[in-house]
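These notes concern the structure reproduced below.
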Amino acid sequence: MIKKILLITAFGLTFGAQAQNHTVSKGDTPYNISKKYGLSLSELYALNPSIKDGTIAIGQVLVVRNSTTKSSSANGYIILQPKQTIYGITKQYHITEQQLRSLNPDLESKMKIGNRIVLPLANIQRYGKGTVSENSTVLATGSLEKYTVEPRDNYYKITRKFNISQQELFASNPGLESKGLKAGDIIVIPASTQGPNNGGDASSATAQVEVKSENSATNDTVQESSDHEYVTYTVKSGDTVFGILNRFGITLDQLLSLNPELSSGLRSGMVLRIKVLDAQYSKKSGDALNVVIMLPFGFDSNDSRYRSISTDFLTGAKLAIERSAKGGQKLDVKIVDAGNEQSFKQSLSQINKDNTDLIIGPLFKSSVLEVLDYIGDTKIPVVAPFANSEDLYGYNNLIIVETTDKVYAEKIADEVKNVYSNQKIYIVGERGSERVALVKASLEKQLKNGEIVVVSSPSAIQLDKNMATGQDAPVIAVLASNEEGLGEDFGKKVIELSSQVSGVKAFSMYYNSIFESRIDELSQANLVYLMDRKVNTDGKFEKQVLGEYDRLYCKMPSKYAIIGFDVVSDVLSRENAKGEIFKQIGKVQTQLATKFEYVRAQRGGAYINTGYRVIRLVP
């Protein structure tokens, strides 16, 4: 016999709420503070006028909720059930994601079965499933069922009978997995809202998708429609609704209005229609795309520090321009000597704000900010090849090429999670470095009870001991540094450990030359490393481009020549005849060596490249 259970919880009531403050700690920025408390940057700045320039200091106390805000509405909470997601909660209870995050700081860390999620009481009473008793505020979403275990029951039979997964069964009955089923026991059955195998949990982080081919062809997941007003996106395994909203800079309502079938959940393989709501810039006149490339040659300022980098970048850019022109694209390109940071303002006068469709460069953050200020509200697209800083993230006409260390750290943590089975984990890197902190934080988030040790030298890595047998046991080693000498020592230590015991796993955030010079030995540790750029010299497209470069300059391209080609080739390929580059900014594509996968830094803000290459060494 099955009996329904009402799960009733306590309530919270707020009248004239007190101010809520946040004390700035190391690593805090205005952006991540505002996200934590469900605020926009403008709201955070309005509450804290002293930080309008974006400058904050460790120990500074910021207001994150106004003391004068009064609310006569009560708050309650729900108990998070299996398969509930951020998107599903906002949909069911008719609140915005910003409201949800405001009520639940650190929302992502709370999205675990059994945790409490705070919501407005009126919304719970109106949209929750079941009835709420007069003296209570919250009824857990999704009623539960009580079931008495029968003699021949097993996990498979019960999950099939009630259309739930074993994970849901164990989550609803703590300790059941270890003690097993016994006839006569009473267990709790979560009410199923979806059929079996109906997608994953959309609250997980957006999965990074590796490049399937090493040429300039784009993945077939993002395509522009013939009317140039929509792109279609094919959902991949690991995608989330929030990630898609962030990637394309649209709201949940806008996505749902074009894709009503999302009300039944996000599924891999779905083709979503996504409207590009704001092209941001469209050329004013003429057939040719007017492009300005700003590089610090330093001829006018007699400063040659960056001349070699600029010259190499330009050689690659010129090849990309020539290839685009041969393909039929009409281009009018102007090269501007951006000088150095002191003399940069003089070069701005060479930009015609009324007849410029795209600016590539400059290289320095301060110069990028001056360009953005100079062009004002013209919305001319600006591409920053190297500058990446959070004070750039608020500009919606900015495209940032450099991938952040945070993206790399999160990917390495994902890779470690996939092979982790209670091994000891060593992180090798300079003590106190931001990279080490990012990797450690990402691993701790993925592996709640993992034993993680930070060491400054690979020599400190030691094999673990199997407590039962006393035999040496393998460990996981992660390199969180791009310092060549440290990377070489890391490679040698991993090779040594792999020769002593099988099962050692190695990972690196960055490429090191030893990874290629001793590839066979490191493959025994299944080394996985990331690269922002790597040329597949065996690829058809790559051979073609390298051959053309050799014919033009009688040499192979340097690092900065490759960057120049990739950046310019990528942005020109996203342009249409009207200069509307942002209509195709969602396409994922790889050029000669660089993967480009842009997402919004924040709602209505700059686009940041999150692409990288994953290299796996297999024995």
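Give the shape of the range 424-478 as rounded, prolate or oblate, defined through the alpha-carbon gyration tensor: a ≥ b ≥ c are the square roots of its eigenvalues, a/c under 1.5 means rounded, and otherwise the shape is prolate if a/b is larger than b/c and oblate if not.
The shape class here is oblate.
Using Cα pairs under 8 angstrom and six or more residues apart, how large is the relative contact order of the range 490-619, in percent?
Here the relative contact order equals 27 percent.
Report the full-extension gain for the segment Val61 to Ser343: residue separation times 0.36 nm, less the Cα-Cα distance, to one decimal in nm.
97.8 nm
Return the FRET efficiency for the residue pair Arg126, Lys445: r is the Cβ-Cβ distance, R0 is 45 Å, and the value is rounded to the nearest 0.05.
About 0.85, to the nearest 0.05.
Which order do you get for His94, His22 if you rank them by accessible area with a 1.4 Å probe, largest at the top?
Sorted descending by solvent-accessible area, the residues read His94, His22.
Just from the alpha-carbon atoms, what are the Rg and Dmax of the range 504-619 in angstroms?
17.0, 54
Tell me, what is the FRET efficiency for Lys182 and Asn422 to the nearest 0.05, using R0 = 35 angstrom and their Cβ-Cβ distance as r?
Taking R0 as 35 Å, the efficiency between Lys182 and Asn422 is 0.75.
Stretch Asp377-His94 to full length: gain in nm at 0.36 nm per residue minus the Cα-Cα span?
Fully extending the segment from Asp377 to His94 adds 98.4 nm.
I'd like the accessible area for Ile514, computed on protein heavy atoms only with a 1.4 Å probe and all protein chains in place. Round to 10 Å², please.
Number for this one is 10 Å².
For Ala338, which sequence-distant residues (separation of 5 or more, or a different chain) have an amide H within less than 5 Å of its own amide H, given hydrogens modelled in the peptide plane?
When sequence neighbours closer than 5 places are left aside, the close amide H contacts are Leu295, Phe297, Gly298.
Which FRET efficiency value, to the nearest 0.05, do you get for Asn466 and Lys110 by plugging their Cβ-Cβ distance into 1/(1 + (r/R0)^6) with R0 = 35 Å?
0.45
Could you list, bin by bin from short to long, the percent of Cα-Cα pairs of the range 309-390 in 10 Å steps?
15, 48, 31, 5
Note down the nm distance, to one decimal, between modelled labels 7 Å out along Cα→Cβ at Glu434 and at Arg273.
Spacing of the two 7 Å Cα→Cβ label points: 4.3 nm.
List the pairs from Lys326/Lys559; Lys283/Lys334; Lys318/Lys379; Lys112/Lys448 whose alpha-carbon separation is above 20 Å, in the order I gave them.
From the list (Lys326/Lys559; Lys283/Lys334; Lys318/Lys379; Lys112/Lys448), the Cα-Cα distance tops 20 Å for Lys326/Lys559; Lys318/Lys379.
Give the long-range amide H neighbours of Glu597: residues separated by 5 or more places, or on another chain, with amide H under 5 Å away, using H modelled in the peptide plane at 1.01 Å from N.
When sequence neighbours closer than 5 places are left aside, the close amide H contacts are Thr610, Gly611.
Once you list every other residue whose beta carbon is under 12 Å from the beta carbon of Ala441, what net charge do they have if Lys and Arg are +1 and Asp and Glu are -1?
+1
Which three lengths, in whole Å and largest first, does the range 298-449 cover when its Cα atoms are put on their principal axes?
The Cα atoms of the range 298-449 stretch 60, 39, 33 Å along their principal axes.
Could you sort the peptides 576-583, 427-434 by per-residue average Cβ neighbour count (10 Å cutoff), highest mean leading?
576-583, 427-434
The values are calculated or read from the model by the stated rules, or taken from the named source; none is laboratory data. Since the model is a prediction, treat every value here as computed from it, not as a measurement. All Cβ positions, even for glycine, are placed from backbone atoms using ideal geometry, and neighbour counts span all protein chains on display. For the accessible areas, the whole protein counts, side chains as well, though only heavy atoms, and no ligand, DNA or RNA atoms are used. Shrake-Rupley method; radii C 1.70, N 1.55, O 1.52, S 1.80 Å.
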